[in-house]
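Please read the structure below before turning to the comments.
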Amino acid sequence: MTMDKTSPRRWRQATQLVRSGIDRSAFDETSEGLFLTSGYVYGSAEEAELAFKGDKDRYIYSRYGNPTLTMFQDRLAAFEGASSCVSTASGMAAVFAALASQVQAGDRVVASRALFGSCHYIIAEILPKYGIKTELVDGIDLTQWRAALSKPTKCVFIETPSNPGLEIIDISAVANLAHKSGARLIVDNVFATPTLQHPLDLGADIVMYSATKHIDGQGRTLGGAILSNDQDFMNDCLTPFMRHTGPSLSPFNAWVLLKGLETLDLRVRQHCANALDIAQFLSEHRAVNRVLYPELASHPQHDLAMRQMSAGSTIVSFYIPGGKEAAFKFLNALELVDISNNLGDSKSLITHPATTTHQRLSPEERAELEITDDLVRLSVGLEDSEDLKSDLDQALTLR
Ligand SMILES: *Cc1c(COP(=O)(O)O)cnc(C)c1O
């Protein structure tokens with residue numbers, strides 16, 4: 001779905017999030033309409049024939065398109081600065097569709113090793129079953145990228161900042177190497193959000209989101225999105241794949257996400273302010289060994305992070321000494337912060353990656369990613385950061 005006249009590019013970012021993509025019905029509603037319909041009716045058999053021939057541009061079936069989905073897609077595309085956006089039922093549906101729609105047996109896919117658990121599963125387990133060769137590299141090591149991309153490659157997939165280690169990959173450098181190898185670069189921009197980082201401006205070809213996270217931002221629905229300016233990819237690969245395999249977003253979820261976009265920028269800025277405050281607090285806490293947060297000068301890729309993101313993100317990861325037992329004791333002692341593997345919610349959520357999101361990895365793979373039993377990942381919410389610091393402090397002290 002391309003951007004229409006209701007979302008002029010001259011609008012500034014905040015305006016795009018509130019106004020872009022609005023397509024009012026004949027009832028002139030203020031708030032965007034929720035079109036909870038699976039199909040559409042035709043005025044005549046001739047009209048149906050024209051629609052199926054592609055000679056009349058109209059809605060045919062909600063697996064192909066729906067007005068509420070179009071509004072969500074157009075608004076997100078306007079904010080991202082992409083010509084096209086396709087929404088999906090979840091973030092994983094977006095990852096799988098972005099890859100599977102363009103690869104075939106014999107192709108090569110290269111990805112960074114530090115990935116969200118299910119992304120790692122698709123690259124390491126599912127694609128090879130279909131005869132696609134996949135290779136994982138250390139995302140922060142350009143020498144490894146150069147070696148891996150010296151061979152012809154179809155797709156490169158990266159996540160930056162990564163989960164849960166918050167490693168920062170140089171998007172422009174990897175985009176250049178990817179393009180030389182003939183590959184399109186896909187960036188999983190979930191941790192950075194559309195507010196903090198613009199991968200398409202840095203040379204990426206495709207950006208994807210789990211809208212479940214910050215775009216909803218209030219832990220209600222699943223959703224995803226794929227954005228690109230590459231019309232060959234959108235028209236020849238992604239659109240037919242989506243239409244015929246069916247991972248489409250439900251109109252109800254699209255409506256929730258569309259309303260979520262209106263406050264995305266405001267929320268993400270406050271999440272980041274809270275996260276920085278907490279990262280600073282934790283880095284001075286005697287019960288904490290090491291804090292990973294891209295905006296702290298101590299972060300190994302701090303300069304790169306500040307070049308390609310406008311803030312340090314909404315997640316803080318940190319190591320507390322004492323292994324699994326100490327980590328569990330700390331999590332169980334928290335009174336305000338909830339234990340949950342979700343993230344990007346207005347509620348602060350904490351998880352122990354080694355026993356939850358990254359449990360499936362082998363001990364060697366976890367060691368390589370520094371996902372030790374000491375590591376916890378905090379998704380910083382919108383509570384008052386003073387309350388969050390008090391809660392973290394009392395739980396750290398109790399240990
Ligand atoms: C959550 C997440 C996904 C998957 O999204 P779902 O909506 O849960 O399917 C993919 N990548 C990253 C980085 C995520 O955080």
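The values are calculated or read from the model by the stated rules, or taken from the named source; none is laboratory data. This is a predicted model, so every value here is computed, not measured. So basically every Cβ, Gly included, is an ideal-geometry build from the backbone, and we count neighbours across all protein chains shown. In case anyone asks, the SASA skips ligands and DNA or RNA and just uses the protein heavy atoms, side chains included. Shrake-Rupley method; radii C 1.70, N 1.55, O 1.52, S 1.80 Å.
Observations
- Projected onto planes of every orientation and averaged, the convex hull of the alpha-carbon atoms in the range 264-398 covers 7.9 nm².
- Segments 159-165, 205-211, 382-388, 350-356 sorted - mean Cβ within 10 Å per residue, highest first: 205-211, 159-165, 350-356, 382-388
- Computed from Cα atoms, the angle from the helix 67-80 axis to the main principal axis of the chain rounds to 50 degrees.
- Evaluated over the range 334-398, the Cα radius of gyration and Dmax, each in Å: 13.1, 39
- Adding -39500 (n - 2.57) for every DSSP H run of four residues or longer, then dividing by how many residues the chain holds, sets the calculated 222 nm ellipticity at -10500 deg cm²/dmol.
- Global form of the range 304-351, assessed from the alpha-carbon gyration tensor, a/c cut-off 1.5: oblate
- Dipole in debye (nearest 20) - the range 250-399, about Cα centre, beta carbon charges: Lys, Arg +1; Asp, Glu -1: 220
- Stretching the chain fully between Thr397 and Glu262 yields a gain of 44.7 nm (0.36 nm per residue, less the alpha carbon separation).
- For the residues Pro194, Pro251, Pro240, a GNM of the chain with alpha-carbon springs under 10 Å puts the largest fluctuation on Pro240.
- Protection proxy ranking, highest mean first, for peptides 121-132, 216-227, 259-270: 216-227, 259-270, 121-132, where packing is the per-residue count of other beta-carbon atoms within 10 Å, averaged.
- Span per principal axis, largest first, for the Cα atoms of the chain (Å): 74, 51, 35
- Long pairs among Lys129/Lys213; Lys53/Lys129; Lys53/Lys133; Lys129/Lys151; Lys151/Lys213; Lys53/Lys213, criterion Cα-Cα beyond 27 Å: Lys129/Lys213; Lys53/Lys129; Lys53/Lys133; Lys151/Lys213; Lys53/Lys213
- Of the peptides 302-314, 44-56, the ranking by mean beta-carbon count within 10 Å, highest at the top, reads 302-314, 44-56.
- Local electrostatic count at Cys119 - Lys and Arg +1, Asp and Glu -1, tallied over other residues with Cβ under 15 Å: -3
- With only the Cα atoms considered, the range 91-234 has a convex hull volume of 99 Å³ per residue.
- The gain in end-to-end length when the Ser25 to Arg286 segment is fully stretched comes to 88.1 nm, 0.36 nm per residue minus the alpha carbon separation.
- Summing charges over all other residues whose Cβ lies under 12 Å from the Cβ of Gln280, with Lys and Arg as +1 and Asp and Glu as -1, gives -2.
- Over the range 198-244: Kirkwood hydrodynamic radius from C-alpha pairwise inverse distances, Å: 12.0
- Amide hydrogen neighbours beyond the local backbone of Val137, cut-off 5 Å, H modeled: Ala111, Ser112, Arg113
- Cα convex hull of the range 69-145 - mean projected area over all directions, nm²: 6.3
- The residues of the chain expose on average 42 square angstrom of accessible surface per residue, using a 1.4 Å probe on protein heavy atoms.
- Tilt relative to the chain, helix 91-100 - C-alpha long axis, 0 to 90 degrees, to 10: 70
- Each part reduced to its alpha carbon centroid, the range 186-254 and the range 330-364 end up 25 Å apart.
- Percent accessible area from carbon and sulfur atoms, the range 289-348, protein chains only, probe 1.4 Å: 46
- Kirkwood hydrodynamic radius computed over the range 279-325 comes to 11.4 Å, based on all pairs of distinct alpha carbons.
- Principal-axis tilt of helix 251-283 within the chain, Cα atoms, nearest 10 degrees: 20
- Full extension of the chain between Asp236 and Tyr64 yields a length gain of 60.5 nm, computed as 0.36 nm times the residue separation minus the alpha carbon distance.
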